[in-house]
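Reading through the structure tokens given below for one structure.
Since every read-out is calculated from the coordinates, none of them should be taken as a lab result. Being a predicted model, the structure only gives us computed values, none of them experimental. In this analysis, Cβ positions are derived from the backbone assuming ideal geometry, glycine residues included, and neighbour counts consider all displayed protein chains.
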Amino acid sequence: MKIYIDGTYYDKDEAKVSVFDHGLLYGDGVFEGIRIYGGKVFKLDEHLERLYDSAAALYLTIPMAREDLARAVRDTVSANEKHDGYIRLIVTRGRGNLGLNPFTCDRASVIIIVDDIQLYPQSCYEEGIAVITASVRRTPPDCLDPRIKSLNYLNNIMAKVEAIQAGCLEALMLSREGYVAECTGDNVFFIRGGVLVTPDSAQGALAGITRSTVIEAAGQIGVPVRVACVTLYDLYTADECFLTGTAAELIPVTRIDGRVIGDGRPGPLTADLKRAFLAAVAA
Ligand code: PMP
């Protein structure tokens with residue numbers, strides 16, 4: 001495995017960051033998870049746009065032009081001879097002094113890891129998963145906008161701990177107002193009466209790239225889509241429910257807080273959307 005750090009490739013055991021990197025000390029940095037399908041980097045432009053937006057929001061200068069970073073990502077994929085896999089692109093604030101002040105860090109660091117990822121066992125895709133609602137609320141946009149894909153995932157990890165303790169693999173997270181925001185590492189969709197609905201990302205969710213791919217795919221197969229304020233009632237009474245994410249792709253949810261969704265099996269529209277999603281990916 002060849003890991004890119006600031007222009008140089010390192011073997012896995014040699015790929016290291018400084019203990020003074022503010023990414024480690026304070027979670028100060030941004031990242032992207034990106035798929036490689038059939039030798040091509042999926043939606044690289046969209047991922048780079050989100051990365052640069054996240055960095056801008058954090059007053060973090062990515063020390064490379066976008067085209068150069070795109071090239072570095074593609075080159076690292078080639079260097080690892082990966083045809084299908086997962087890229088973790090990380091920009092940390094870089095090495096600085098102890099203390100929060102990011103201006104003590106001279107230069108941000110760029111790291112690119114190319115690897116495989118499987119978040120959920122295959123059986124979960126066939127049978128669906130159970131989720132719970134976490135008691136911990138999603139960080140509100142006036143504290144740290146969830147559209148920023150930062151290295152600080154503690155809010156999500158707190159909810160993930162609740163999920164695991166409850167015997168589930170994912171947890172729903174609500175906004176401070178009680179609307180459904182997203183899951184700890186995935187966006188959420190539900191279907192009711194043939195209409196596909198997902199929470200507005202302005203409600204406190206990451207603007208997921210898989211989410212937008214699924215919305216486009218729905219348009220292509222004629223499934224109406226609504227972006228709306230979503231409550232737990234909407235999910236409990238849904239015909240079908242699923243989650244989306246780069247790593248998870250599209251995974252059916254068949255139980256929420258103990259309630260059975262639909263007939264307790266992954267639904268037919270979810271299957272259609274999954275097919276349309278995979279067709280978009282193949283294209
Ligand atoms: N929400 C959160 C909190 C995430 O971390 C992610 C990515 N793992 C998603 C949603 C899904 O976004 P994407 O489809 O761009 O991977």
Exercise for review: Residue by residue through region 136-166, note down the ones that are free of Cβ contacts under 8 Å to residues at least 12 places away in the same chain and either more than 25 Å from TYR59 (Cβ to Cβ) or acidic (Asp, Glu) (or both).
Suggested key: ASP142, VAL161, ILE164, GLN165
Practice item. Answer yes or no: is there a residue in region 53-63 that is without any contact (Cβ under 8 Å) to a residue 24 or more places away in the chain, surrounded by fewer than 18 Cβ atoms within 10 Å (Cβ to Cβ) and hydroxyl-bearing (Ser, Thr, Tyr). Key: no
Practice item. Assess whether LEU25 counts as being within 29 Å of GLU249 (Cβ to Cβ) and either out of contact with any helix residue (DSSP H, G or I) (no Cβ under 9 Å at 6 or more places or on another chain) or surrounded by 14 or more Cβ atoms within 10 Å (Cβ to Cβ) (or both). Key: no
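If a residue must be outside any strand (DSSP E or B) and either touching a His at 6+ places or on another chain (Cβ under 9 Å) or within 16 Å of the ligand (Cβ to nearest atom) (or both), how many such residues does region 1-54 contain? Lay out the reasoning, then the answer.
Here is the first cut: in region 1-54, the ones outside any strand (DSSP E or B) are 1, 6-7, 12-20, 22-28, 38-39, 42-54.
Checking the rest, the ones that are also either touching a His at 6+ places or on another chain (Cβ under 9 Å) or within 16 Å of the ligand (Cβ to nearest atom) (or both) come to 27-28, 38-39, 42-54.
Number satisfying all stated conditions: 17.
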Review point. In region 268-283, is there at least one residue being part of a loop (DSSP other than H, G, I, E, B), in contact with a helix residue (DSSP H, G or I) (Cβ under 9 Å, 6 or more places away or on another chain) and crowded, with 17+ Cβ neighbours inside 10 Å?
Key: no
Check your understanding: Taking the condition within 15 Å of the ligand (Cβ to nearest atom) and within 12 Å of the chain's Cα centre (by Cα), does LEU243 pass?
Key -> yes
Point to revise | Selected residue (criterion: surrounded by the fewest Cβ atoms within 10 Å (Cβ to Cβ)) from residues of region 98-122 that are hydroxyl-bearing (Ser, Thr, Tyr) and not in a loop (DSSP other than H, G, I, E, B) | key: THR104
Exercise for review: Select from region 197-225 the residues that are over 20 Å from the mean Cα position of the chain (by Cα) and touching a residue at least 60 places away in the same chain (Cβ under 8 Å) and list them in ascending order.
Suggested key: GLN220
